[in-house]
Amino acid sequence: MAVFDVLSGDNYGVRSLTDSINKMPFVPGRAGQLGIFEEFGVSTEGILLEERDGWLTLIPTTPRGAPATQATVNKMKTRTLQIPHIALEDTIQASELRDVREFGTENQQAGVESEISRRQMDHAASFDATLEHLRVSALKGIVMDADGVTPIYDLFAEFGVSALAEVDFSFDTASVGDIRTTCHGISRDMQREMPNVMFNHIHAFCGDQFFDDLVAHDEVRAAYDRWMEGEWLRMGLVYRMFPYAGIVFENYHGYVGATDFVNTDKAHFFPVGARGLFRNPFAPADFVETEGTMGLPRYSKQAVDPEFQRYVKLHSQSNPLPYCTRPRVLRQAKRT
């Protein structure tokens with residue numbers, strides 16, 4: 001049997017390979033674990049956002065019989081966002097597949113399947129890390145590319161709003177009670193931006209130095225020590241998280257290479273449990289057979305060298321766009 005003959009069957013079509021890559025073990029990411037991003041598939045390369053600004057206004061008193069105050073008609077705004085395309089390819093040379101067998105068997109097809117599965121696991125891990133990076137940047141209000149400096153979408157600009165001012169926790173000068181007051185201010189700002197919207201709690205992804213300064217401050221230290229005394233009861237459920245003044249502070253760990261997802265001196269605050277606040281559509285792959293279908297989180301496809309069968313290329317892709325529908329609720333803080 002030729003080394004690439006085993007790749008000609010239905011087991012190596014786009015559908016079967018896509019099913020396989022979507023079943024790969026998920027590489028944990030905290031933004032994904034929180035479950036705040038609503039995942040769904042779309043059948044187009046972009047999404048149309050409709051915004052109908054609603055607001056509450058105080059109605060002035062008028063004499064009986066006088067003309068009433070006229071309500072302002074809320075006009076709907078629309079905008080289209082193209083969904084980013086992320087693709088990864090790998091080339092498997094014929095020499096890497098020749099005589100490859102599953103350990104303890106003489107089954108060459110099982111060996112080839114294992115090699116492709118191994119490559120898919122590597123691809124899946126990279127896509128999971130990339131999606132986590134996109135989601136964390138969406139929690140900051142600006143969806144960033146993989147380099148961490150190139151914006152894909154500035155959500156504030158797209159929605160025609162400005163970000164609220166960065167909060168300075170001033171750990172070096174804050175008196176006892178100041179940190180609690182600052183936390184309450186952040187909570188009230190979020191509630192003003194989401195009137196009549198229920199959410200479970202406010203969460204903060206903190207850089208290393210921000211978190212260390214927070215739990216070492218005179219106002220917070222005793223509460224943190226009491227929390228840590230019960231840490232063994234929460235082992236496996238909580239990792240470097242600490243609730244204080246109505247906010248869950250988490251020392252976020254996430255990086256790829258030299259790219260830290262959260263700056264060591266910063267913290268990013270966002271609501272958890274607000275329905276429809278964070279969304280994550282997936283567009284279909286740019287394959288002929290996926291046109292007009294609902295997008296999946298990942299796709300995979302293989303192609304054998306058509307002339308000499310010297311190699312097989314494994315192509316994987318994902319087309320995600322995590323975003324926040326009300327970016328003004330997102331707050332950033334710094335340590336000084």
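The numbers here are math on the coordinates, done by the rules we state, and not lab data. It should be emphasised that the depicted structure is a prediction, and the values quoted were computed from it without experimental measurement. In this analysis, Cβ positions are derived from the backbone assuming ideal geometry, glycine residues included, and neighbour counts consider all displayed protein chains.
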### Task
Extending each Cα 7 Å along its Cβ direction at residue 121 and residue 260, get the distance between those two points in nm, one decimal.
3.1
### Query
What ranking, highest mean first, results for peptides 190-196, 118-124 when packing means the other Cβ atoms within 10 Å averaged over each residue?
118-124, 190-196
### Task
Find out how many positive minus negative residues lie around residue 320, taking Lys and Arg as positive, Asp and Glu as negative, among other residues whose Cβ is under 10 Å from that of residue 320.
+1
#### Entry: Under 5 Å, built H, 5+ apart or other chain: amide partners of residue 254
261, 262
### Packing-based exposure ordering (other Cβ within 10 Å, fewest first) of 202, 83
83, 202
## Note on the structure
residue 87 neighbourhood, Cβ < 13 Å, K/R = +1, D/E = -1, net charge 0
### Task
Arrange the peptides 315-325, 171-181 so that the one whose residues have, on average, the most other Cβ atoms within 10 Å appears first.
315-325, 171-181
### Query
Sequence-distant or interchain residues sharing an amide H contact under 5 Å with residue 244, placed H: which?
249
